[in-house]
Amino acid sequence: MTTITKTLQATFAPPTTHKQSKLNDLLETYRDGLQEAFDAGASTMSAVSDIVTHYDLPYQAKAALCNYVPKLHKTYNAKELDDEHPIRLTNQAAKFDHSDERAYEFT
């Protein structure tokens, strides 16, 4: 029996202009929410949530902010934020509340 090994090489394709624009908007909105929550001194997940709820961010980004901002204050004792702060996203799927009693679902 002969064993054959193939090596594949993958490369990332650059994003389209539209996708790059959407990514830039997402990063800017994330940094705005991060800055507002940090400047407000939000030290609990609930306090951060109250601040970032109105931002147009996916729930994974809002959840990441709720976890991260309190750590900046309590664990890292941060006094300021880096201007080039990367976006953080949680690795979680939405949980939907399906109920026959309602016409709508909740996450």
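Throughout, read-outs are computed from the coordinates displayed, never taken from laboratory work. Keep in mind it's a predicted model, so treat the numbers as computed, not measured. FYI the Cβ positions are ideal-geometry reconstructions off the backbone, even for glycines, and counts take in every protein chain you see.
Within segment 36-74, the residues that satisfy the criterion of being over 19 Å from residue 94 (Cα atoms) and among the small types (Gly, Ala, Ser) are 37, 40, 41, 42, 43, 47. When restricted to residues that are free of Cβ contacts under 8 Å to residues at least 24 places away in the same chain and either more than 15 Å from the chain's Cα centre (by Cα) or under 16 Å from residue 44 (Cβ atoms) (or both), segment 85-107 contains 12.
Of all residue pairs spaced 6 or more apart or on separate chains, those with beta-carbon atoms under 9 Å, a first member in segment 70-84 that is in contact (Cβ under 8 Å) with a residue 40 or more places away in the chain and a second member that is surrounded by 10 or more Cβ atoms within 10 Å (Cβ to Cβ) and of a type in the set (Lys, Arg) are 78/71; 81/31.
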